[in-house]
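Notes for the one structure printed next.
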Amino acid sequence: MLEKILTKGFRRILEATFNDIKNQQDRRDEEEFAKDEIRIKEELLDTVDPYSSDVVLDEDFVVAAVDGSGNSNLVTLDDIRVHLLSSSTILLNTNSTNGQYFEPLEREKIEAELGEQPYLDSHWHSGVRGDAQEKLAQSLENIYPLKDVAEIVMPFFRDFTNGSINSTSDLGKSIEYGKYVKDLKEVKKLISRQQLLTNPIVHDELRTVTELAAARKVLESNLNPKYLLIDGALSVFLHFIRKYPSMPSGFMLRDVCTIARKKGVTVAAVSKNHTIPFAHRIAKMARDNFGDHSKWFCQLPSAEDPGGGLHIYEDRTYIPPTLAVPYLFSFSRDNRPSRVDFDRIWWKDKILVHGDSQATRENEKALFRDLEFMSRDARWYGYPVALGLAHITCKLSYEDMRLAKEIVDDILRAMNQEGRKASALREDYNL
Amino acid sequence: MTLNKDELGEHYGKVGVGNQNMLGIMGNNRDVSVGEIFMIYSCRDGHERIFFFRVLGLQNYIRQVDDLSRIAGTMMVESDAYLSGIERNMLLSVDGKMLGYAEEREGEWKFHSPRRLPDHLADVIRPVRGQSDPYVREMLKSQTDGEVYIGDLQIGEESLDVPVTIPAKFLPMHVGIFGSTGSGKSNLMMVLVKAMIDTNMKAQKDPDVPKISAFCIDPHDEFALGVDKYGIQDIVEAMDAGTRKTVLGDFYYLTTHLAATQREVRRYGKEIRILWNEITPRDLFSIMDFTSQMASFIEAVRGQHGENWISEIVNMSEDPDGTPAGTLRGVQRRLRFLTRSPIFVESGTSVLDDIFEAMETGRILVVNTSLMSNREQFLLTTIATRTLSDLRRALKSSGNLGDFERQAKLRLPPSFFSRVRAKARTFYSKSGNDDQSPVKDPRNLPVIQITVEEAPSILNPDLMRGESVFKDISRQGRKFNIGLLVVSQQVSVLDNVILSQMNTEINLRLGNEREIRACIENASVNITGFENEFRVMSRGEAIVTASYRELPLPVKIPLYDKVFERDKASYKATRTKKKQEKHVI
Ligand SMILES: Nc1ncnc2c1ncn2[C@@H]1O[C@H](COP(=O)(O)OP(=O)(O)O)[C@@H](O)[C@H]1O
Ligand SMILES: [Mg+2]
């Protein structure tokens, strides 16, 4: 292959592709962006006014962050795959009175409330028909702390129908959902996604629920964070026909958001890698307007927000995600802008002031000032330190996996299962 | 012994990263000193292994930060940047050396060179005195076991109750003690002498314990009365009469003039007198230069007059016929020191018989050479060593007592041999006393340890150009069960033959970089990287290397006074024994 890749011909193929992108997509987007430009500049984009570097807050607060990791192939035994799942919860105190900004809470204290950290678990399923779904449901039930399925599903319907469906009996009486009630009684049936449950999809679902379980545990604990940071977006994928989440994690996310609101915790989902079109143009606009060193944020409104949605993502159905409010932001000149999602229900209650864009802006500024403050660690400048720490403590490195696999071999040997194919599928070729 | 990981010592942290020469230890405690030994507990495939890692250098680093300079850059550019919880992420990176690992197989702990590495996240345990001692003792048994105690295993600033010893069977493979002035060589010699006496006491009761004889040159006359408070004399006096008689005999102290000796010591002393007829031409050739004419002249006289050659030459007045003019005068000039020496005498009672008897019965002789010239000291040591080795050489090449006697007569001055003949036959006979009686293998006789203090004045390449009995012993001593104990302030100046035959080195604090390098090169175990260690060593601290051990052992040599006080009571053996028996009943 290499000699082909190094040819001029290959270059030409790529050049043609990028030209197409430029001609078709970029031109279209450019036109769309032109329509949004003024609105972004004048209404949506604004600077962060940071705390000073030696600030003493009126009230110090706790920031929590959860992140998860995993590996979908710890070992393959014939057609059985064993997954590894991990999550880590980090809690930091702003601790500005002592000047020890974002001091980690004592490990013992965290573990007493949340169990051993980081959390590590495994899952397996075989290739037998229906087994993936069966075993996935079992694992999710095990992992997620709330066991009553009725309680798991209700928060979504409450949020999604703006409170008009408020109880199980409302749900039963509902014209839209009544007919699905029987499918909303067990976790297994909540897996309504129509596509095949491939190994990566199973793994993603396990991982998401592992993170949500960790999030729920912090919210239910006595650790009382002011913020709960999650890695990723607050996306919920709805079943195309049934109009409710096609996977249990969608319901659980709404459950977590609901508890957070009750406890007065701000949930923020941060993603470094996102697919917001024209993020780089918005960033340039910010630099042009506020200077190279500016720290800024920019709301990405939805159709239902004052002024409606933006043209640049009009045809991208997943932006903004269901029941979420996304923003772009940048706290450091060195990084491309990141994205943060907030729970829309919370946002309407705490940030949005109807008919008063000035007051709304004040609320946004206070929110981003806190976010910026928690993103100044020298290791991840511009990215929330709690998430950075959560990430490095949960991640399963190549070396971790190598050792984990060695331990698998040991165990299999000790169990006289040596005959079983313990090592990974053939790696010498990849057809 | 079953191992309980939690009792091994103080839990210090976990292995973050590591290889043979570096360990990143995750732990908060940063109070570590160069020279400390960490134990790393590793359990894989049901096999417990304890790795031993010696700290040679320390460095802090921050966990999960692989690019410290990037962070430093961010801290500079972003004036409001902080580092959250950084104290807890400071890791200790210890440079050092993986010394090896101990592993239990079939109930016995074996020690292996570091072919393996401990697991990631293995527990790092710091040995603690009063807790870890029995475990370490057991695990390092193969590395510390032997008869002759030299000190205790040192871990950083303190030592464990883990005695380090040298097996008697390796003494004939020669021992070196190296250290600058004040590093504790003399104290160590006394500790060694005491250990040999202790071994000989044990040998009285247990036939499996070998006897050790020592001919200890004491150039500063400090062993008998000691450097500080106690000396060997105090052991002698602590003994009950019976023990003293069997273990030490009538005397242990040899000196030039008994009259100049303190009264208590004098009771156990003898004057050093060597008869001219006990000296061979070879003895002289190996201590000073003779032209070939002089040498052939000496051999001619010796051929004609036998053992009385020195008297003959000294009394000649002119060159005999056929001898180039001036030869006689040249030889006489060289022999003049003998005529003036109080110890090399034409007639009288020789002490060589006593030396022979003492060395063949497992005794210790302290030889005060402080009043001798270098040449006298050199000649004395040479004669004693050559006499002892010639006798054992004769024995080694004989099947029975008759053979032995013939062989010995060929090698040794006749009047000396006629005096010791009867004794030699009893020492060397396996059973019976007629000419057909089989003889012992020298390896079943006491180990004889000849110490050469201030070795450079004797064992330097210049003096050893020709054949020297020391070269000979260093190559063949093993066969005759005779070993050299070479004590020197310098390694670099010693003869290579001697150095290369050495199998145990006790390296004390050294004077300069050149000596440190020479010591490291000469060591029987690879101790490259220990340079820093040598630089920070205090007096009485040593690194013991031996070809028969994988582990270079850091040892704290105790002060002689301390061990003497501790063991004083044991020299009155019988009474304590009775007490013990009572307890048993
Ligand atoms: N193992 C030791 N522990 C403590 N002090 C020691 C030790 N060895 C020697 N010393 C002290 O150091 C001094 C010099 O010791 P010495 O044995 O005479 O050294 P050297 O013979 O190497 O010159 C002595 O006064 C002695 O008290
Ligand atoms: Mg000395």
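Observations, loosely collected:
- Qualifying position, being within 16 Å of ligand 1 (Cβ to nearest atom), surrounded by 19 or more Cβ atoms within 10 Å (Cβ to Cβ), under 19 Å from the mean Cα position of the chain (by Cα) and of a type in the set (A, V, I, L, M), among B:V487, B:V447: B:V487
- Of all positions in the range B:173-188, none carries a residue that is of a type in the set (S, T, Y) and more than 13 Å from ligand 2 (Cβ to nearest atom).
- Restricting the range A:345-367 to residues that are under 27 Å from A:P155 (Cβ atoms) and in contact (Cβ under 8 Å) with a residue 60 or more places away in the chain leaves a set whose member that is nearest to the other protein chains (Cβ to nearest Cβ) is A:L367.
- Test result for A:V66, more than 14 Å from every other protein chain (Cβ to nearest Cβ) and either over 14 Å from A:S221 (Cα atoms) or at pLDDT 90 or above (or both): yes
- Matching residues in the range B:110-143 - criterion: being of a type in the set (S, T, N, Q) and within 14 Å of another protein chain (Cβ to nearest Cβ): none
- Only one of B:L499, B:L510 that is assigned by TED's automatic domain parsing to the domain that holds B:I450, touching a residue at least 60 places away in the same chain (Cβ under 8 Å) and within 18 Å of B:M189 (Cβ to Cβ): B:L510
- When every residue of the range A:261-280 is checked against the conditions, at least one turns out to be crowded, with 18+ Cβ neighbours inside 10 Å and at positive phi.
- The residues of the range B:495-508 that are out of contact with any helix residue (DSSP H, G or I) (no Cβ under 6 Å at 6 or more places or on another chain) and modelled with pLDDT under 95, listed by number, are B:D495, B:N496, B:S500, B:M502.
- B:G330 vs. criteria farther than 28 Å from B:L388 by Cβ and over 32 Å from the mean Cα position of the chain (by Cα): yes
- Among the conditions (1) more than 26 Å from B:R273 (Cα to Cα); (2) part of a loop (DSSP other than H, G, I, E, B); (3) not basic (K, R), the only one that B:F404 does not satisfy is (2).
- Reported count of residues in the range B:151-199, each being within 16 Å of ligand 1 (Cβ to nearest atom), among the hydrophobic types (A, V, I, L, M, F, W, C) and surrounded by fewer than 24 Cβ atoms within 10 Å (Cβ to Cβ), is 3.
- Qualifying positions in the range B:531-548 - away from ligand 1 (no atom under 14 Å from the Cβ) and surrounded by fewer than 24 Cβ atoms within 10 Å (Cβ to Cβ): B:E531, B:N532, B:F534, B:R535, B:V536, B:S547, B:Y548
- Candidate set from the range B:195-225 (those that are of a type in the set (A, V, I, L, M, F, W, C) and touching a Phe, Trp or Tyr at 6+ places or on another chain (Cβ under 8 Å)); member that is nearest to ligand 2 (Cβ to nearest atom): B:C216
- The listed residue being in a helix (DSSP H, G or I) and either within 16 Å of ligand 2 (Cβ to nearest atom) or closer than 17 Å to B:P554 by Cα (or both), out of B:L153, B:L192, B:L160: B:L192
A quick yes/no check of all residues on (1) free of Cβ contacts under 8 Å to residues at least 12 places away in the same chain; (2) over 17 Å from the mean Cα position of the chain (by Cα):
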residue	(1), (2)
A:R207	no, no
A:A213	no, no
A:R242	no, yes
A:S249	no, no
A:M252	no, no
A:A283	no, yes
A:G291	yes, yes
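- Annotation note: Cβ proximity below 6 Å between a residue of the range B:220-233 that is assigned to a helix (DSSP H, G or I) and a residue that is more than 15 Å from ligand 2 (Cβ to nearest atom) and not charged (D, E, K, R) (sequence gap 6+ or interchain) occurs for B:Q233/B:V265.
- Of the criteria (1) among the hydrophobic types (A, V, I, L, M, F, W, C); (2) within 16 Å of ligand 2 (Cβ to nearest atom); (3) modelled with pLDDT under 95, which one B:L248 fails: (2)
- A:D377 within 14 Å of chain B (Cβ to nearest Cβ) and under 23 Å from A:L91 (Cα atoms): yes
- Filter result (modelled with pLDDT of 90 or more and in contact with a helix residue (DSSP H, G or I) (Cβ under 9 Å, 6 or more places away or on another chain)) within the range B:522-544: B:N522, B:R539, B:G540, B:A542, B:I543
Matching residues to (1) of a type in the set (D, E, K, R); (2) within 13 Å of chain B (Cβ to nearest Cβ); (3) within 27 Å of A:A404 (Cβ to Cβ):
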{"position": "A:S86", "(1), (2), (3)": "no, no, yes"}
{"position": "A:N93", "(1), (2), (3)": "no, yes, no"}
{"position": "A:Y101", "(1), (2), (3)": "no, yes, no"}
{"position": "A:E106", "(1), (2), (3)": "yes, yes, no"}
{"position": "A:E111", "(1), (2), (3)": "yes, no, yes"}
{"position": "A:H125", "(1), (2), (3)": "no, no, yes"}
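- Filter result for B:F223 (within 24 Å of B:T385 (Cα to Cα), within 14 Å of ligand 1 (Cβ to nearest atom) and buried (at least 19 other Cβ atoms within 10 Å of the Cβ)): yes
- Residue among B:R333, B:R363 that is free of Cβ contacts under 8 Å to residues at least 24 places away in the same chain and of a type in the set (K, R): B:R333
- Condition check for B:K202: more than 13 Å from ligand 1 (Cβ to nearest atom), touching a strand residue (DSSP E or B) at 6+ places or on another chain (Cβ under 9 Å) and basic (K, R): no
- Answer residue from the range B:163-172, given it is out of contact with any Lys or Arg (no Cβ under 9 Å at 6 or more places or on another chain) and farther than 24 Å from B:G35 by Cβ and is farthest from ligand 2 (Cβ to nearest atom) among those: B:P167
- Which numbered condition A:R12 misses (of (1) in contact with a Ser or Thr (Cβ under 6 Å, 6 or more places away or on another chain); (2) surrounded by fewer than 11 Cβ atoms within 10 Å (Cβ to Cβ)): (1)
The values are calculated or read from the model by the stated rules, or taken from the named source; none is laboratory data. What you see is a predicted model, and the numbers here were worked out from it, not measured in a lab. All Cβ positions, glycine included, derive from the backbone under ideal geometry; neighbour counts span all protein chains shown.
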